[in-house]
Amino acid sequence: MRKILLLTCGLTFSFLAFAFAQAKPTSGELIVKAWHSHGQKNVEETFKYTQELIDLYKDEADKQQAALKKLPKDRKDIESASALNDVATAYFIQGESFRNQGKNEEAVKAFEVVVDKYPFGQAWDPRGWFWQVAKAAEESIIKLKPDYKPKLGTAGAAVKPKKPVSQLPTRVTLYEPGKEEIVDYAKYGRFENVGTKDYKYIVNDQEGLSLAVGEGIYPNTSSIRWDPEYKKVLKEKRLEGDHWDFVQSPDLEAAFLKWATAPEPQGVKMFYTALILEKSGLIEHAIKCYYAIVVHYPSSYGWTYWHTPWYIGQASIAKINFLLRKHPEIGYKLDGADIKIINGFDNDVSNDIVITNPGSFVKVNPLDKIKPKPSKEYLSIKRRLGKGRVHLVQYETGDWELLVDGKPYIIKGVTYAPTKVGQSPDEGTQTDWMKDDFNQNTKIDGPYDAFVDRNKNNLQDANEPSVGDFRLMKDMGVNTIRIYHQPFGIDKELLREMYEKYGIRVIMGDFLGKYALGSGAPWNPGTDYGNPEHRKNMMQSVLSMVEEYKNEPFVLFWLLGNENVYGYACNADKDPDTFFKFANEVALAIKEIDPNHPVAIASGDILYLDKYAVDAPDIDIFGTNAYRGDYGFGSFWKQVKEMTDRPAFITEYGCPAFAQGKTEEEAEVLQAEYHKNSWEDIINNSAFHGGAGNALGAVAFEWLDEWWKGYEPSVHDTKGLWAGPFPDGQMHEEWLGICSQGNGSKSPFLRQLRKVYFTYKKLWR
């Protein structure tokens, strides 16, 4: 068409150049079309779009790759290399397409281009993170060419120590530990406007305060330079590298010195300094460091991988409370400390108003531990939500309980979605676990044929009978599983038997347009909660679920959505008011036909909690997916109580059983400790335990490792998918299981019980 115009219209060269520039598709537009064609298995269209992208953007991609010295971590830096990312992804898609056609040699060549030429290219996963294309390509090569020797290191791993790990110091030695274990800040300055937005602490005696707190803690930030260990470590070149890479370094001494002198805002710098002190076992010094943030920098914030605000002062208070609970020998509690962030439930920090009360440390009275809990017999019920066999009550104390048949019910739940190794919903190969019978013995595989591989030889020995997951979960103490009625159907007979024989109930969910499920919307741009057709489809999906299962004895309550406010394949984050108002309409419609079960929502942490509070008054329970770290959920329970005065539960939480630089045994211990601390936090905030009193329990994620999460479903992938508060600083989504599938050869039957299984067996039984 452009040639015809050139010959017949006599257009000027400059106008033609402009027209061509306007017509040139972006690499992002082409990669979306390429993925769509690949998903539709349209080979011709797949290669058309990928090759067009490569031809147009290869030179720019080469320049961007050459300009990088390491894998970008910050989202803005990643997105600025869009040509590199999309060209690498185009070659990767070609490799996958060749492989699907059985053209393995061509597939390997395409994957090798990614590994050799574009190792820093990253692709966006609609589930919410970037993944390193070269790592995925290398895993695909290994599968096709077992003798291939990997070329890539582990992205995001800690700085490699200059000394062998066995020679590294196991704890930080402080040059100036500080003269006070619990600092009396009133001696060195004055607090002004406590409990208001104008709070501040004025230092009158900086030298005295510096000597009291010790090195690495504001305002004692200069003494590090005089520390003999600092000079020694500097001379040994153990401080070379980016300070962020030292967060997970086994060289704790170098990590402490690196972070205590890091070029970060004081709040951020002190939080990670405190974290390293905590790892080193210097708990009192860590507490002092966390508290210095509360006193001096209560409004400090950082950014998560998702570019949502992380309020460091609130996290510091939670850390202090956690450490004081874990170490009662310290003999103190932090009384009255509170940091409220008005307007802090969105991603805009410019409108935040910070209300600060630093509180004070008070000695713990040993008699407090033996004080009797309030007896419900003498408490009046302030409020009821629901009236059926499952309902909620709030007592005059403000505490909430979930009652089932008149008895308190703590949700001891797990997400159950056993997926056979090699299957992937991304590739359209995942089957329905409620129907799977791969050994054709007329029994459902996971629930009834799973066996425990006690000696971890990846075989079913004579003394390892098939017991089934339902039995294993019951023995662990599970009383609830969380499942969705879409995209697969529900086997009611199977769930009835699970309830009747094993006492396990079901939180039954509808995705409410997440992943475009139930709305009828295409994946891109996804569900529109203002679209009448989408709303109608979603309402029908939910109500058909309720009509179908409302009389089933296994139903505990209904659950709407799955962190929809993060907005992948739906747009709740773009218009949260419309989303929550629609969710409330759905809740009201549910209650019209089923008054016997409460309605909950599965949100994303506390994003837009303020809008939920106003727009969804008829949703009984606030549920959320939350991965906050090994100290529990921080201020979550208190914030939900203050904002909504409704009960809450955690719909998803967990920790990988893999960590770079750790043995399998060490990683399992860390996973178990993470879960233990999370559960203790939940119980501390349940009714009559001294916390917020609104925690109803939680659903651990998940029962069994899913190998497809890192894109190559036949490989148990160890790459980190996104940065977060986990043992090595990375989320390894394929390792979240309470049970492992071993080497995958006996999937879907084999179970290797991790340490966390036995941790929950003690906690829940």
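The values are calculated or read from the model by the stated rules, or taken from the named source; none is laboratory data. Because the structure is a prediction, the values reported are computed rather than measured. Virtual Cβ from ideal backbone geometry, glycine too; neighbours counted across all protein chains shown.
Criterion first (within 28 Å of Met643 (Cβ to Cβ), surrounded by 14 or more Cβ atoms within 10 Å (Cβ to Cβ) and either in contact with a Phe, Trp or Tyr (Cβ under 6 Å, 6 or more places away or on another chain) or acidic (Asp, Glu) (or both)) does Tyr290 satisfy it?
Here the answer is no, as Tyr290 does not meet what is asked.
Being within 12 Å of Tyr416 (Cα to Cα) and either out of contact with any helix residue (DSSP H, G or I) (no Cβ under 8 Å at 6 or more places or on another chain) or outside the structural domain of Val756 (by TED's automatic domain parsing) (or both) is the filter here; which residues of the stretch 480-494 pass it?
If the condition is that a residue be within 12 Å of Tyr416 (Cα to Cα) and either out of contact with any helix residue (DSSP H, G or I) (no Cβ under 8 Å at 6 or more places or on another chain) or outside the structural domain of Val756 (by TED's automatic domain parsing) (or both), then Thr480, Arg482, Ile483, Tyr484 are the ones that fit.
Matching residues to (1) more than 20 Å from Tyr409 (Cα to Cα); (2) modelled with pLDDT under 95; (3) touching a helix residue (DSSP H, G or I) at 6+ places or on another chain (Cβ under 7 Å); (4) not charged (D, E, K, R):
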residue	(1), (2), (3), (4)
Tyr674	yes, no, no, yes
Asn685	no, no, yes, yes
Leu696	no, no, no, yes
Phe701	no, no, no, yes
Tyr711	yes, yes, yes, yes
Ala723	yes, yes, no, yes
Met731	yes, yes, no, yes
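When you go through Phe726, Phe688 one by one, which is the residue that is in a loop (DSSP other than H, G, I, E, B) and surrounded by fewer than 22 Cβ atoms within 10 Å (Cβ to Cβ)?
That would be Phe688, the only listed residue that is in a loop (DSSP other than H, G, I, E, B) and surrounded by fewer than 22 Cβ atoms within 10 Å (Cβ to Cβ).
Working only within the stretch 493-548, note down all residues that are within 22 Å of Asp615 (Cα to Cα) and charged (D, E, K, R).
Asp510, Lys514, Asp528, Glu533, Arg535, Lys536
Residues are listed down the side, and each one gets a yes or a no for (1) assigned by TED's automatic domain parsing to the domain that holds Arg646; (2) in contact (Cβ under 8 Å) with a residue 60 or more places away in the chain; (3) among the aliphatic types (A, V, I, L, M); (4) part of a loop (DSSP other than H, G, I, E, B):
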position: Lys536; (1), (2), (3), (4): yes, no, no, no
position: Gln540; (1), (2), (3), (4): yes, no, no, no
position: Leu556; (1), (2), (3), (4): yes, yes, yes, no
position: Asp610; (1), (2), (3), (4): yes, yes, no, no
position: Ala613; (1), (2), (3), (4): yes, no, yes, no
position: Pro617; (1), (2), (3), (4): yes, no, no, yes
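Can you pull out the residues in the stretch 646-658 that are in contact with a strand residue (DSSP E or B) (Cβ under 8 Å, 6 or more places away or on another chain) and in a loop (DSSP other than H, G, I, E, B)?
Arg646, Pro647, Gly654, Pro656, Ala657 - these are the residues of the stretch 646-658 that are in contact with a strand residue (DSSP E or B) (Cβ under 8 Å, 6 or more places away or on another chain) and in a loop (DSSP other than H, G, I, E, B).
Can you tell me which of Gly661, Gly623 is farther than 24 Å from Ile481 by Cβ, in the same structural domain as Glu548 (by TED's automatic domain parsing) and either within 23 Å of the chain's Cα centre (by Cα) or crowded, with 18+ Cβ neighbours inside 10 Å (or both)?
Gly661
Gln314 passes all but one of (1) in contact (Cβ under 8 Å) with a residue 60 or more places away in the chain; (2) under 19 Å from Leu174 (Cβ atoms); which number fails?
(2)
Can you name the condition, by its number, that Phe488 falls short on among (1) over 24 Å from the mean Cα position of the chain (by Cα); (2) modelled with pLDDT under 95; (3) farther than 21 Å from Gln741 by Cβ?
The single condition Phe488 does not satisfy is (3).
Specify which of the listed residues (Ser745, Ser714) is farther than 30 Å from Val640 by Cβ, touching a Gly at 6+ places or on another chain (Cβ under 6 Å) and assigned to a loop (DSSP other than H, G, I, E, B).
Ser714
Take residues that are within 25 Å of the chain's Cα centre (by Cα) and tell me which of the helices (runs of 4 or more DSSP H) falling wholly in the stretch 34-143 contain 1 or more.
75-79, 82-100
Exactly one condition in (1) in contact (Cβ under 8 Å) with a residue 12 or more places away in the chain; (2) more than 18 Å from Glu652 (Cβ to Cβ) is not met by Glu493; state its number.
Condition (1) is where Glu493 drops out.
Could you tell me whether the stretch 108-117 includes any residue that is surrounded by fewer than 16 Cβ atoms within 10 Å (Cβ to Cβ), basic (Lys, Arg) and over 30 Å from Thr308 (Cβ atoms)?
Looking through the stretch 108-117, at least one residue is surrounded by fewer than 16 Cβ atoms within 10 Å (Cβ to Cβ), basic (Lys, Arg) and over 30 Å from Thr308 (Cβ atoms).
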